[in-house]
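Below is one structure, written out as structure tokens, with a few remarks after it.
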Amino acid sequence: QAFVNVADTALDHVSSILTDIHSNVIEAANDTLTADQREALQQEVDAAIESINRLGQTTFSGKAVFGDSLTLLVGHEPYQTATLDLPAVDDSLGGASGILADLRSGGSASLTSGNLESAADILNEAQSQVLAARAEAAAFERYTLDSSQRLLKDTQIQISSALSNVRDTDIALESSNLVREMILADSSLVAAKLILHARRSVLELL
């Protein structure tokens with residue numbers, strides 16, 4: 001479950017970065033901007049895309065979070081597994097309109113290319129991919145991980161209850177044996193007293 005939380009947190013950051021890039025695209029569409037101002041915005045976009053690439057390389061305990069399949073044991077048997085597939089998170093995000101790499105400096109949809117409509121379309125497609133990945137991760141957590149955890153917890157409760165019953169049975173048996181031994185001990189003492197009393201009576205008669 002921690003793995004899914006790491007993935008969701010990273011995807012949330014990517015979504016925020018895409019929103020920031022989109023703001024730069026809108027600002028770059030302003031005709032009053034100078035070439036230097038537009039270039040400054042482009043540099044911000046380059047840095048933002050690079051940040052997305054770094055987030056996409058996130059690993060959890062040596063396991064890649066994105067662009068790889070995560071197989072988890074969700075039952076008691078080795079074959080009871082579930083797999084989560086998350087897309088690669090890098091500058092290849094996008095769709096039919098292009099990919100994030102096209103928004104980099106010199107790209108076909110860079111802020112200085114004049115092709116800002118394509119840039120906006122690419123960002124929308126990339127955002128849709130990120131939202132879909134978050135939805136998939138959330139569904140996996142809710143319907144697979146949570147369900148399996150509830151099952152394992154119920155099983156643990158049942159096992160604990162069974163062990164408790166066994167312990168209670170053992171205690172009852174031990175108590176029964178103790179009472180039996182006490183009764184036998186008391187009976188032996190009473191028998192000894194009776195024998196002693198009988199001997200005294202015989203002696204008195206003699």
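Taking Cβ atoms as reference points and 11 Å as the exclusive limit, the residues near Glu27 contribute a net charge of -1, counting Lys and Arg as +1 and Asp and Glu as -1. Prolate is the label for the range 54-139, because the ratio a/c of its alpha-carbon gyration tensor axes (a ≥ b ≥ c) is 1.5 or higher and a/b is greater than b/c. Using Cα pairs under 8 angstrom and six or more residues apart, how large is the relative contact order of the range 1-146, in percent? About 27 percent, as a whole number. Rounded to two decimals, the Cα radius of gyration of the range 4-101 over 2.2 N^0.38 Å is 1.43. A straight line joining the Cα centroids of the range 63-91 and the range 37-52 runs 33 Å. A cut-off under 9 angstrom between Cβ atoms defines the neighbours of Leu100, and their net charge, with Lys, Arg +1 and Asp, Glu -1, is -2. For the range 96-111, putting each phi into the Karplus relation 6.51 cos²θ - 1.76 cosθ + 1.60 with θ = phi - 60° gives couplings of 5, 7, x, 10, 4, 4, 5, 8, 5, 4, x, x, 5, 10, 5, 5 Hz, in residue order, rounded to whole numbers and with x for Gly and Pro.
Read-outs: derived from the displayed coordinates by stated rules, not from any lab. These numbers come from a predicted model, not from an experiment. With ideal geometry, Cβ positions are generated from the backbone for all residues, glycine too; neighbour counts draw on all protein chains shown.
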